[in-house]
1. Take the conditions assigned to a loop (DSSP other than H, G, I, E, B), buried (at least 18 other Cβ atoms within 10 Å of the Cβ) and without any contact (Cβ under 8 Å) to a residue 60 or more places away in the chain and apply them to A:ILE166. Does it pass?
2. Pairs needed: first member in region C:2-25, more than 7 Å from chain A (Cβ to nearest Cβ); second member anywhere, assigned to a strand (DSSP E or B) and surrounded by fewer than 23 Cβ atoms within 10 Å (Cβ to Cβ); C-beta distance under 6 Å; at least 6 residues apart or different chains.
3. More than 30 Å from B:ASP193 (Cβ to Cβ) and hydroxyl-bearing (Ser, Thr, Tyr) - does that describe any residue in region B:285-305?
4. Taking D:ALA213, is it hydrophobic (A, V, I, L, M, F, W, C), without any contact (Cβ under 8 Å) to a residue 40 or more places away in the chain, more than 8 Å from every other protein chain (Cβ to nearest Cβ) and over 19 Å from C:ALA241 (Cα atoms)?
5. For the structure I just gave you, tell me whether C:ASP108 is more than 14 Å from chain D (Cβ to nearest Cβ) and on the phi < 0 side of the Ramachandran plot.
6. Search region B:126-142 for residues that are closer than 22 Å to B:VAL216 by Cβ and pair each with any residue that is polar (S, T, N, Q) when their beta-carbon atoms are under 7 Å apart and the residues are at least 6 apart or on different chains.
7. Take B:ALA252 and tell me if it is open to solvent by 30 Å² or more (accessible area, probe 1.4 Å), more than 7 Å from chain A (Cβ to nearest Cβ) and not in a strand (DSSP E or B).
8. Out of the residues in region A:271-282 that are within 8 Å of chain B (Cβ to nearest Cβ), in contact with a Gly (Cβ under 8 Å, 6 or more places away or on another chain) and of a type outside the set (A, V, I, L, M), state the one that is surrounded by the most Cβ atoms within 10 Å (Cβ to Cβ).
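The values are calculated or read from the model by the stated rules, or taken from the named source; none is laboratory data. Quick caveat: nothing in here was measured; it's all calculated off a predicted structure. With ideal geometry, Cβ positions are generated from the backbone for all residues, glycine too; neighbour counts draw on all protein chains shown. What goes into the accessible areas is simple: the full protein's heavy atoms, side chains included, and nothing from ligands, DNA or RNA. Shrake-Rupley method; radii C 1.70, N 1.55, O 1.52, S 1.80 Å.
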4 protein chains.
Amino acid sequence: MSFNTFGHVFRVTTWGESHGPALGCTVDGCPPNVPLDEAALQHWLDRRKPGQNKYTTQRREADEVRILSGVFEGRTTGTPIQLMIENTDQRSKDYGDIAETFRPGHADITYWQKYGIRDYRGGGRSSARETAARVAAGGVARAALAALVPGLAITGYMTRMGAHGIDGPRDMAEIDRNPFWVPSAAAAESWADYLDALRKSGNSCGAEIEITAAGVPAGLGAPVYGKLDTDLAAAMMSINAVKGVEIGEGMAAARLTGADNADEIFLGNADAPTYSSNHAGGILGGISTGQDVVVRFAVKPTSSILKPRASITKSGRPTEVVTKGRHDPCVGIRAVPVGEAMMACVLLDHLLLDRAQTGGHRGQIG
Amino acid sequence: MSFNTFGHVFRVTTWGESHGPALGCTVDGCPPNVPLDEAALQHWLDRRKPGQNKYTTQRREADEVRILSGVFEGRTTGTPIQLMIENTDQRSKDYGDIAETFRPGHADITYWQKYGIRDYRGGGRSSARETAARVAAGGVARAALAALVPGLAITGYMTRMGAHGIDGPRDMAEIDRNPFWVPSAAAAESWADYLDALRKSGNSCGAEIEITAAGVPAGLGAPVYGKLDTDLAAAMMSINAVKGVEIGEGMAAARLTGADNADEIFLGNADAPTYSSNHAGGILGGISTGQDVVVRFAVKPTSSILKPRASITKSGRPTEVVTKGRHDPCVGIRAVPVGEAMMACVLLDHLLLDRAQTGGHRGQIG
Amino acid sequence: MSFNTFGHVFRVTTWGESHGPALGCTVDGCPPNVPLDEAALQHWLDRRKPGQNKYTTQRREADEVRILSGVFEGRTTGTPIQLMIENTDQRSKDYGDIAETFRPGHADITYWQKYGIRDYRGGGRSSARETAARVAAGGVARAALAALVPGLAITGYMTRMGAHGIDGPRDMAEIDRNPFWVPSAAAAESWADYLDALRKSGNSCGAEIEITAAGVPAGLGAPVYGKLDTDLAAAMMSINAVKGVEIGEGMAAARLTGADNADEIFLGNADAPTYSSNHAGGILGGISTGQDVVVRFAVKPTSSILKPRASITKSGRPTEVVTKGRHDPCVGIRAVPVGEAMMACVLLDHLLLDRAQTGGHRGQIG
Amino acid sequence: MSFNTFGHVFRVTTWGESHGPALGCTVDGCPPNVPLDEAALQHWLDRRKPGQNKYTTQRREADEVRILSGVFEGRTTGTPIQLMIENTDQRSKDYGDIAETFRPGHADITYWQKYGIRDYRGGGRSSARETAARVAAGGVARAALAALVPGLAITGYMTRMGAHGIDGPRDMAEIDRNPFWVPSAAAAESWADYLDALRKSGNSCGAEIEITAAGVPAGLGAPVYGKLDTDLAAAMMSINAVKGVEIGEGMAAARLTGADNADEIFLGNADAPTYSSNHAGGILGGISTGQDVVVRFAVKPTSSILKPRASITKSGRPTEVVTKGRHDPCVGIRAVPVGEAMMACVLLDHLLLDRAQTGGHRGQIG
C-alpha cells in the first residue's frame, strides 16, 4: 500500500483533484466475469453525493461515474477498470482567497511544505472529493464479493455525532431512514437538532462511524504485515479527517481484564465455531474468525468553520481564517459510505490473496 | 505492505516462530554508511527482553541478535541486513497440550482455519516473540535516523494499564525508572499493586501505549494511500493484540466541535510554523507538520489466564482452557519498545520515500 | 512490478482497450514542480501515432492526450497525473468476425483461456494501442529527467527489419529523416523497397530496435532484484510482440572470451572513469557505470497477415484465418518511441529510487 | 519486484555477501501443507555447488542449507520460510588486494560509486554466491509446484559455450551425464577440450543456457506488466553476468516474416489446443499457451582472468588487474541450476497470482 494505490492484488489507484476536470480510479485485479455496469456503481455514489440534504455541502455534483475500460458486454474482463467522474460544479473563483493562506486543520500547509506547489482550489488532492473515487471502487468490490461470497453484507452507520452518542438499543432498520445513517430513530431526531444548531452557529462537529461485515468467511488475513485488521486500519485511517480506528473492543480493550475480554468458543451447526461474544471484532491473529468483522473510526470535526482562527500566509504574515461557503458541518456523515467502500475493497483483496496462498482450502474442525 | 514485509523503501521482512531454532528479519533499503553494530541493536532488544521483572513472562531468552549481512567494518553497505536471534529457551514440552485445543483469544483457531496446519508450539508465528525481530529492525531504523535527522527523538510509554490511567501531570523523566514505562511515579506505584493482584489471581489486563516522535521534519507522508498516519496505523495495528490506534486526538475527535479542534497556526523562529495546540498529532492530510507525531494504541489483555474458559478441540469436542505457565499478565508492557520500533521504521521509510519524490526540497514559508 | 503497473516509485498504471471509449495511464510518484503540459506529451505521442505513412496501420487516431489531474498552472504537483486518450476511430464492425476465432500469434486464445471472457475488438487489452499510454507516461518521465538530469539523452532507432540489418556505418542524424528511424540513409532506402514488397504480398516482418541513453549518472540500479538491467529487460519484454532483450553485448556475449569482453577502465576528466569499450552496455552488477546505457530488443513479425493460417474457433472447430484490414506490416517501427518511453520511465524510476536509498551521494574516485 | 525481493505473491528476498558469515533467503507466500525438508533443497543446491569438477571454482563450500522457519513436521505452514547457508570457505585474505582496485567487468566500481562503501571480499553482495540462495528458494518453489501441478517439469541445459554451439540433434538424456549440462555427448567432449585450453591460458568464455518448462497450464501470466515473459526476462536478467534473454524465437524473431513465425493452432485431445510449432516459446500476450515455456539467456565470460587488464584504483591511480585464484572459467555452467530455480519461482508465483485473480477457472474450448 503506498502513494495513491491501495490493496495487494485487488488494487485501487485513485487520481484527481477537487477542482480539476475529473477524478476517478483505476481498479486492477478484479476477477473476470463479474456482472458490472455504471448503474450499479452509481447506486453507491449517490449515497455519498453532496447536496442531498441540508446537513451536507451544497456543492452540486452529479457525481456521474463512467466506466472507460475493463468491462465488456456487462461483465468484467480481468483487465483494469477505469472509472471517471467529471467535476461539474467547480466554481474555482470561490477558492481564490485561499491561494496564499493556510487554513488551520487543513492540509494546505503540509502540501505546501512537502511539494512546494499545491492546487489550492478546494483543497486539491487533499479534498474529501477524492473519496468519491473510493466509493466507485467499492462498488466494483461489492459486485465481485456478491459473485464470490453470496450472503456477505456490509453495513455502515454513525454511532456518535459530536456530543451525542446513541442512547437505547440500536435498530438497524432505521439506518436508511435518516440522513445520518444512525440506527436509532430517537438519535436521528436529537442529532438533527444538534447539528442544526451547530450549522447555524458556523461550527461543526466530529463523528464516529462503525462498519460491520457479516458473512465474512473464516481464514481471511495475511499475517503478520498483511493482517486483515492491519489493512482495515490503514484503509480507514487513509480516509480524510480520520484520527482513530478500532477493531472490535478497540481502545476500550485497554481497560479490560483477560477474564472479561475472552470470547469463548463453542461448536455450532455445520461444524462452524460460534463465540460467546465478539470482543475481537471478528479477527484473531490478523485472520477472520467468521464472526462479524467490526471496525470503528472517528472523523474529526470539519475544519472549515465560521469562527475566526489564527493562521499565517505563505509569505509568513499572520492572518485570520473564516471559512464561508459550502461545507459539511459534520463531514463524518458522508464518511459512512466511504467506510463501507473501504471495507468492501479490503475484504475482496483478502479473499483473492487467500485464494492465492491457500487456494481457499480450510482446516476442518470436527 | 503485505504478508511478512512492511515498508515502502525501507523494508523489513520478519520470519520465525516462537519455538523454532531462530527468528529474525531482513532489513532492505537501509541507506549505506550508517554506523551500526550488534551492541547498538542489543540495547533496544534488551528493553523488550522477557524475564526482566516479575511483570513479564519468565521465559528466559537471551535475545542476542547477530548481524549476518549488510554491515561491513561497522557501517551499513546498502545491501540487505539480516538479523538473527536464536531461540534458546524453547521448552516445547510445555505446549504439547495445546496441539489439539484452540485457546480462546489466541490465533490458534484462525491459523488452523486458514492454513490447515499450524506450529502450535507457543503460538508459532502468531506469538509475540515475532516482535523481537521488529525491535531489532527498529534499531537499524534508529541508527539511520540518527545519521540523517539529528535531534529526532522517539519516546514510548504506557498511559493506561487496565482500570488505571495516569492521574496528575506526566513526568517523562520517570519513564525509565519503573517497569511499566509510565511517566508518573505515583502511577507506577499503584499500577504495581494492581498488576500484582491481577497476576496472583491468574487474571490479566489490557494497556494503552503512546509513542511520540519529536523533531520530525515537516513534509513526511505520501498521500493518499501512503499517508504517514495511515502507515503508522497499519504499523501499530500489526502488533500482536492491538485493537485500536489513534493519532493525536484520536477517537475523542468524534466528540469535539470544529472550534475546539482547530490547531491555530503562527510563525515561529526561523520561519517555522508553530501551533497553538496539537489535536492533529503532528499530521495534516497525511503529511507531518513538524509538531510532535503522537500515536496511541490499545493492547488487549493477555488471553492466557488461569480462569477456565470454554473452547473446542480440533475435532470439535468441547473443552475448557486454563493457561498456566510463563505469561505476561499485561503484554502491553513489552509493547512499548515494539511501538517505538515501528515508529522508527515508519519515519525512516517516509524520510527515504520523501527523498525519492521531492528530493527533500521544501516549500518555503516567509 | 505487477499487473498493470510498472515502476517502483515512479509508477505507471495503464488502462484501456483498443476499442473502448478511451485508454490512458495514471502516473504516480512524479516529482513536483516539473514543467509539463499537453503539448509536451503530444510531441512524443505524434511519433508513435498510426497512419502517418504507408508503413503503419491506416487506422486514423488523433491520439490526443488530455491531462486530467496532477498538473497545476503548468507544473506537476506531486499528485497522480491522469492521462487520457480517447479512441476515435473504433470501427468495431471490422472485428466482429474474430469474436469466435482465435488468430494465430495473437493473444486471443490465451486471454480466453485465462479469463473466460475477452473484449475481442481489435485485440482489446492485448492490442498494441496500449503502448500509446506508455508513450504518454514516457513524456512525463522525460520532462522530469530534463529537470533533474540536464544532458541526459535517449535515442531509439531500428537496427534490423526482417532480413535486413544495417550495412556500413551508422549515422545518427539520419534517424529522424526516414520512416523507420534507421540511422542509415542507405538502409532506409533498401528497407523501404523490402517492406513495400512484403506489404503488397500480405506478409510482415520482425524488427530489432536499439535504445541508448547518454548522460546517465553512474550509480543507478538497485541490486539484486531491482537491477537497472533487470528493470530494463522487464520494461522492454512487456512491450507487445517483443521476444528478446539484450543489454550491451547481449546474446553475443555467450560467444566471447573474457579477454575480448573486458571493458578496461581509465581515469578521464573530472575524476570520472572512462572505458576502453562498452560491452557491458553501461551497466555492471545492475548499476549504471556512467557510460551509455544500451538496450536492444526484437519484435516479432506482425501476426495479422493475408496468408491463410490454420486455427480453431472457440467451439473447437478448425478454421483458417486471413487478416485483412489496417495493420502494420512491421509493428516494430512504432515500437521505437515505445522503447524510448520505457527507457525514460525506468531511468527516472531508478533516479528517484537512488535518491531514496543513497540521497544521490556517490563514492568518490581520485 | 524491487531491491532484494522478487515475485508478486510468492516472494523471495535474498540476503548475504560472499564472505560474510552466511547467506540465505526468506521465502514468503508459499502455500501451506507442502511437503518440504532440507534434503529436498540440498538436492538442488548440490547441483550448483562449486568445486565439483575442474571446470568450476575450487572454492570449497559445503553449501548446506538450514530451514529456520516456516516448516513444521515436514510440511510448510504458510509462514515465511527462512533458509540459511553458512559460508565456510571464506579465505578473506585472498581478496585483500582488491580492496582498493576496481576489477574490470566486475561490479566493484559501480557498488563504490553508488554506495560509497563496499564489502570487497569476493565481490560481496555482487558475487555469484548470491545465487545459492536462489537455488534454495527454487527448491521450495519446485516442491510447491510438484504438489499443485503434477507433471510440470523444468529442464535447464547449455546450448553454447563460447565459440561452440551444439552440432547435430539434442539428446536430453545426456544433460545429466556431463559437467556442462549439454544435451549432446559430442558437444560435451569438444567443449571439454575447449574449456581446458581456455582455463590453462587463463582465459574464460561466455555461455548460452536454455530453460524449458513442460506441463505448464495455459492461462498463467498477468498482462500487461506482470506478463509471464516479462517476469521471466526480469528473473533471468537479474542473474549475475546475464546480458540477454530470449523467449521462444528470441532475437531471431526480428529476422522472420509473419508467414514463417505463425504457430498454427489445432484442436488436440481433451479439447486442448495444439500448435504446429512453438516460435512463441509457450507465451502469447504474456500468458502461457500450454506449450513448453522456453527461455534462453546469455552469460558473459567470467571477468576474472589471468590476462592483465587496465584499471584504476579508488584513489584514481592507473593499475593492471590480473585475477588469480579460484574462478570458474565459464561461470555459465553453474547458471544452469540457477536459471531452473528462477523458472520454478516465476511459474509458482504466476500460478498463485492466477488463483488470486481467476480462481484457476479457465475459458473452455470446444
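1. So A:ILE166 passes the test.
2. C:HIS8/D:SER2
3. yes
4. no
5. Details: more than 14 Å from chain D (Cβ to nearest Cβ): no; on the phi < 0 side of the Ramachandran plot: yes.
Answer is no for this residue.
6. B:ARG134/B:THR14
7. Numbers: open to solvent by 30 Å² or more (accessible area, probe 1.4 Å): yes; more than 7 Å from chain A (Cβ to nearest Cβ): yes; not in a strand (DSSP E or B): yes.
Against the criterion (open to solvent by 30 Å² or more (accessible area, probe 1.4 Å), more than 7 Å from chain A (Cβ to nearest Cβ) and not in a strand (DSSP E or B)), B:ALA252 qualifies.
8. A:GLY281
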